[in-house]
1. What about Gly55, is it among the small types (Gly, Ala, Ser) and free of Cβ contacts under 8 Å to residues at least 12 places away in the same chain?
2. It is to be established whether one or more residues within the stretch 37-58 are of a type in the set (Ser, Thr, Tyr), under 30 Å from Ala105 (Cα atoms), surrounded by 11 or more Cβ atoms within 10 Å (Cβ to Cβ) and within 15 Å of the chain's Cα centre (by Cα).
3. Identify, please: which residue in the stretch 19-69 is in a strand (DSSP E or B) and among the aromatic types (Phe, Trp, Tyr) and is, among those, modelled with the highest pLDDT?
4. Look through the stretch 64-81, keep the residues that are closer than 20 Å to His106 by Cβ and without any contact (Cβ under 8 Å) to a residue 40 or more places away in the chain, and return whichever of them is surrounded by the most Cβ atoms within 10 Å (Cβ to Cβ).
5. Could you check the stretch 112-126 and list, in sequence order, the residues that are charged (D, E, K, R) and either touching a residue at least 40 places away in the same chain (Cβ under 8 Å) or under 16 Å from Pro44 (Cβ atoms) (or both)?
Amino acid sequence: MSTEPRTVTVNVLVTKALEIDEPDWCVDPHTGANFRPDIAHNGPEIAASFETRIGTVDYLRAWISHAPYAALAPEPLPVIAVEVDAEAVSLDPDGVRAFTATTRAHLDALDRLADEADRIRGGGQG
């Protein structure tokens, strides 16, 4: 048996603060990122809201997002994240017309968001 001390290599998780560039449009507090690939910059959220007799339904939420260190597919430029939350409501014909009017207004807001993303990316139609 050898009298020399033995060594072993053990992988450990080491954490430290990481300073990154923050885009001027980002409003994310960055509290949920434990690893570099978790870092995402997120802009202000827009959502279509529609009042029903049982309460407010938010749908078609969207925001500008950029995950520069994403593990599987790093995003070289900001994208637009769109979240569709399926919630069924019953509407009469006037309610459907109000819903479609609200949706049309929100689609215009989505177009403005696309223009802003083009501006941030440095080109496009914005």
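The values are calculated or read from the model by the stated rules, or taken from the named source; none is laboratory data. Since the structure is predicted, the reported quantities are computational estimates derived from the model, not experimental observations. Counting neighbours? That spans all protein chains shown, and the Cβs are built from the backbone with ideal geometry, glycine included.
1. Working: among the small types (Gly, Ala, Ser): yes; free of Cβ contacts under 8 Å to residues at least 12 places away in the same chain: yes.
Spelling it out, Gly55 is indeed among the small types (Gly, Ala, Ser) and free of Cβ contacts under 8 Å to residues at least 12 places away in the same chain.
2. As a first pass, look at the stretch 37-58 and keep what is of a type in the set (Ser, Thr, Tyr): 49, 52, 56.
From what's left, under 30 Å from Ala105 (Cα atoms): 49, 52, 56.
Add one more test, that the residue is surrounded by 11 or more Cβ atoms within 10 Å (Cβ to Cβ), and what stays is 49, 52.
Filter once more, keeping what is within 15 Å of the chain's Cα centre (by Cα): none.
The answer is no; no qualifying residue exists.
3. As a first pass, look at the stretch 19-69 and keep what is in a strand (DSSP E or B): 41-42, 46-52, 55-66.
Restricting the remaining residues to those that are among the aromatic types (Phe, Trp, Tyr) gives 50, 59, 63.
Details: Phe50: 82, Tyr59: 80, Trp63: 90.
Here the answer is Trp63.
4. Looking at residues that are closer than 20 Å to His106 by Cβ and without any contact (Cβ under 8 Å) to a residue 40 or more places away in the chain, I get Ser65.
5. Those that are charged (D, E, K, R) and either touching a residue at least 40 places away in the same chain (Cβ under 8 Å) or under 16 Å from Pro44 (Cβ atoms) (or both): Arg112, Asp115, Glu116, Arg119, Arg121.
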